[in-house]
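The values are calculated or read from the model by the stated rules, or taken from the named source; none is laboratory data. None of the values given here were measured: they were computed from a predicted structure. Here the Cβ positions follow ideal geometry from the backbone for every residue, glycine too, while neighbour counts run over all protein chains shown.
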Amino acid sequence: MSSRDVDVTLGAAGVGGLSTTEMVLNIGPQHPATHGVLRLRITADGERITAAEPVIGYMHRGAEKLFEVRDYRQIMVLANRHDWLSAFNNEVGVALTVEHLLEMEVPERATWARTLLCELGRVLNHLMFLGSYPHELGAITPMFYSFREREEIQAVMEEYSGGRMHFMATRVGGLLHDLPEGWLDRVDAAVSTVRSRLPDLTGLVLGNEILQGRTRGIGVLDLDTVLAYGVSGPIARASGLDVDLRRDEPYLAYGELFGEDGPGRVVTREAGDCYARLDVLVEQIQVSLDLVEACTARLRDLGPGPISSRLPKKLKVPAGEHYCASENPLGLNGYYLVSRGDTVPHRLKLRSASFNNVQVLREMLPGTVVADMVAILGSMFFVVGDIDK
Amino acid sequence: MLAELPWALEAGLKAACVLAAFLTLPLALGQLEHKLMGHMQGRLGPMEAGPHGLGQLVADGIKFAQKEDVTPAAADRPVFRLAPAVALVPYLVALSAIPVAATWVAVDVPASLLLVLAVTSVGVIGTLMAGWGSGNKYSLLGGLRAGAQLVSYELPLVLAAASVAMAAGTLSLTGIVQEWSWWWLVWQAPAAAVFLAASVAELQRTPFDAPVADSEIVFGPLTEYTGLRFAFFLLAEYAGMVLMALLFTVLFLGGWRGPWDDAGGGVVGVLWTLLKATAVAVGFLWLRVAWPRVREDQLQRFAWLVLLPLALVQLAITGAGVVVLG
């Protein structure tokens, strides 16, 4: 037991000389606040939590082992399933890793189209959490508002890829097929619709006094803990960590977008509380919408051209190893590929964002009450599949 | 109105009417909630059962009746099984003392306000029994939350009602409405605000629904309930809303009195009461659509530091008003 357990004198202990006992409460694996099958084993003194331990693995599907018996095209299917809310970003991550090892050039059009789809995926992801997080705090309506906006984006994503969740639009060397006629206009229309209606949602969420009362100063995550646990993404930036791979280690077309005059900017907050994390999400949506518009403008300028490189019938990746990380909506997502010159990877290690982000709960939860536990848990923006892989 | 009938027949008829109102008004409110929430959230609400989904609540009732009535092995059996009745019956008793028009009241007792407030606070015991008797940690947390919350909100609720009683100089609900005049809307406004907030807390509705928080403690005291017993708890919640809306109408909105006609007897008065009560109930529903829930310590602080002082100030204002005008 850590020293923190001794510090906690809140709760009922000692009130009127009554002896109290601590109770062990299992939050999950089946619990409405855990979005799937995360299990938290908390020890509570009344409502006050004295210790918390995330128990993971209920959704372990052996993704990394399955990577080793699939060829590079089939891997995409697995990759867009570990974090099902960042499906397109995951696909691109795998494709980039393989392309780097192949030293393959990807057509410029494909790069810009991938960037566009990645940012649309980011908007989809953030809108999801913007709807589900208030739901955990008891507000049921933001979910419907956010899904109305998601539907706009889903429609254009679906028109391009045919999928609504697992897009499977990325191929090694480019994309599945060319952009449909007039699609860029429909993307712009969807973006402007979402942009115009977003204040309804953000006003309902961020502008609500009760929500502010539930999230401001709650679950403060300091920068040292962020660094110690390898927390990344919007959660880390809400604690003041000014790191965003789109700017710091540019891939796809982000070098230009986050360059001197580009629309890209890294959103950070200093407070590190639940409200700051939510606030980062909201502003990142705005930034992503700006990036999408920049991408459609550039794709129009580029004009027609190839969107994929020709691949050999049997794609073999030369022996070697390569690590490629990308800034996924929820944090750093990396693939470490070891190839022995075969059609399948020898090893493909996955560094997923949620896995690291959730570990920090052990530090954040003790000392809080059960109601805050839910507020903090929801603000860690995790996907259970991404934790358990 | 029914004075010429034999006593037993009159009592029987009135009881049947109250029971009918007790069973239909909460259902109507539930239906209103389905549709109102649906349209506020940009969707339709349930549409399949009957025209415009009007049969949905009946369908829900049939579903609940069909479900197995499970009593957990760890539960305190008699306590667990009795709890829904303890939660439900007080509202039925209270409803019988609420006047919906000048002569339309089932039991016109002298201190009906006192009776209604006393009886409704018995409902808490049902929630506490459910929380304790379920043998479930979530239920226990929820039951204790409910107990703490209802104890703290009882006081501002009673004080706000006392202010109106003081202004009217009577504890009879019928008498209060007869004394009421339109400028009480301003004079008693703080009490009305306190009463409304406290009644939302009494009903454990959003934003004060921490005792049954589904995403935290999985519906708290209701976690282990299934079938009809669960339905009884739901019915108690909606009957409570009906009762609180009616009580608010009678205390603060002039009950059956319309803006033009002060006669108030008969069907028109009933319609005025129902209209005003519906508006109040819609307010309850709207809160649920618009707001998240507050934490228990926040709602305790709100009760003791905001509502209670406000209610006391209102009492002083009312007292001064009564002395000056009286």
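So the values come out like this:
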| read-out | value |
| --- | --- |
| Cβ pairs under 7 Å, 6+ apart, first in region B:299-312 and within 20 Å of B:Trp187 (Cβ to Cβ), second among the β-branched types (Val, Ile, Thr) | B:Leu307/B:Val194; B:Leu310/B:Val194; B:Ala311/B:Val194 |
| Selection within region A:252-271 - in a loop (DSSP other than H, G, I, E, B) and small (Gly, Ala, Ser) | A:Ala253, A:Gly259, A:Gly262, A:Gly264, A:Ala271 |
| Filter pass, A:Gly219 being crowded, with 23+ Cβ neighbours inside 10 Å and within 14 Å of chain B (Cβ to nearest Cβ) | yes |
| Qualifying residue in region B:298-311 (condition: modelled with pLDDT of 90 or more, under 27 Å from B:Leu32 (Cβ atoms) and among the β-branched types (Val, Ile, Thr)) | no |
| Tally, over region B:100-119, of residues that are touching a Leu at 6+ places or on another chain (Cβ under 6 Å) and either crowded, with 23+ Cβ neighbours inside 10 Å or of a type in the set (D, E, K, R) (or both) | 2 |
| Check on A:Val282, touching a residue at least 12 places away in the same chain (Cβ under 8 Å), within 14 Å of chain B (Cβ to nearest Cβ) and closer than 19 Å to A:Tyr133 by Cα | no |
| Test for A:Tyr160: is it closer than 25 Å to A:Arg186 by Cα and in contact with a Gly (Cβ under 8 Å, 6 or more places away or on another chain) | no |
| Residues being hydrophobic (A, V, I, L, M, F, W, C) and farther than 18 Å from B:Ala102 by Cβ - total across region B:157-190 | 14 |
| A:Pro134 vs. criteria in contact with a His (Cβ under 8 Å, 6 or more places away or on another chain), within 14 Å of chain B (Cβ to nearest Cβ), surrounded by 18 or more Cβ atoms within 10 Å (Cβ to Cβ) and within 25 Å of A:His31 (Cβ to Cβ) | no |
| Single residue of region B:255-313 satisfying the filter (basic (Lys, Arg) and over 18 Å from the mean Cα position of the chain (by Cα)) that is farthest from the other protein chains (Cβ to nearest Cβ) | B:Arg257 |
| Candidates B:Glu224, B:Glu179, B:Glu202, B:Glu216, filtered to the one that is away from chain A (no Cβ under 14 Å) and free of Cβ contacts under 8 Å to residues at least 24 places away in the same chain | B:Glu179 |
| Criterion: in a helix (DSSP H, G or I), among the aliphatic types (A, V, I, L, M), at negative phi and touching a helix residue (DSSP H, G or I) at 6+ places or on another chain (Cβ under 7 Å) - qualifying residue of B:Leu114, B:Leu27, B:Leu23 | B:Leu27 |
| Candidates A:Glu64, A:Glu149, A:Glu119 - the one that is within 14 Å of chain B (Cβ to nearest Cβ), part of a helix (DSSP H, G or I) and in contact with a Leu (Cβ under 6 Å, 6 or more places away or on another chain) | A:Glu149 |
| Filter pass, A:Thr296 being of a type outside the set (Gly, Ala, Ser), over 23 Å from A:Gly240 (Cα atoms) and touching a residue at least 12 places away in the same chain (Cβ under 8 Å) | yes |
| Count of region B:120-153 residues which are over 20 Å from A:Ala33 (Cβ atoms), within 14 Å of chain A (Cβ to nearest Cβ) and buried (at least 22 other Cβ atoms within 10 Å of the Cβ) | 1 |
| Single match in B:Val116, B:Val86, B:Val58 (criterion: modelled with pLDDT under 90 and out of contact with any strand residue (DSSP E or B) (no Cβ under 8 Å at 6 or more places or on another chain)) | B:Val58 |
| Residue tally, condition part of a helix (DSSP H, G or I) and surrounded by 24 or more Cβ atoms within 10 Å (Cβ to Cβ), over region A:137-146 | 2 |
| All positions within region A:236-256 that are surrounded by 24 or more Cβ atoms within 10 Å (Cβ to Cβ) and either touching a Leu at 6+ places or on another chain (Cβ under 7 Å) or among the aromatic types (Phe, Trp, Tyr) (or both) | A:Ser239, A:Tyr254 |
| Residue within region A:202-225 that is touching a residue at least 60 places away in the same chain (Cβ under 8 Å) and within 30 Å of A:Leu299 (Cβ to Cβ) present | yes |
| Output for region A:129-155, where each listed residue is among the β-branched types (Val, Ile, Thr) and under 18 Å from A:Gln286 (Cα atoms) | A:Ile153 |
| Helices (runs of 4 or more DSSP H) contained in region A:315-381 and holding at least 2 residues within 14 Å of another protein chain (Cβ to nearest Cβ), surrounded by fewer than 21 Cβ atoms within 10 Å (Cβ to Cβ) and in contact (Cβ under 8 Å) with a residue 60 or more places away in the chain | none |
| Whichever residue in region B:285-317 is basic (Lys, Arg) and in a loop (DSSP other than H, G, I, E, B) and, among such residues, is surrounded by the most Cβ atoms within 10 Å (Cβ to Cβ) | B:Arg293 |
| Condition check for B:Ala191: more than 14 Å from chain A (Cβ to nearest Cβ), farther than 25 Å from B:Thr127 by Cβ and in a helix (DSSP H, G or I) | yes |
| Test for A:Ala87: is it among the small types (Gly, Ala, Ser), within 20 Å of the chain's Cα centre (by Cα) and crowded, with 24+ Cβ neighbours inside 10 Å | yes |
| Of all residues making up region B:32-65, the number that are polar (S, T, N, Q) and touching a residue at least 40 places away in the same chain (Cβ under 8 Å) | 1 |
| Where B:Thr103 falls short, out of the listed (1) at negative phi; (2) at pLDDT below 85; (3) part of a helix (DSSP H, G or I) | (3) |
| Complete set of residues in region A:40-61 that are away from chain B (no Cβ under 14 Å), closer than 18 Å to A:Phe382 by Cβ and in a strand (DSSP E or B) | A:Ala52, A:Glu53, A:Pro54, A:Val55 |
| Odd one out for B:Ala320 among (1) at positive phi; (2) in a helix (DSSP H, G or I); (3) among the small types (Gly, Ala, Ser) | (1) |
| When residues of region B:33-68 are limited to those that are within 14 Å of chain A (Cβ to nearest Cβ) and outside any loop (DSSP other than H, G, I, E, B), the one farthest from B:Ala290 (Cα to Cα) | B:His34 |
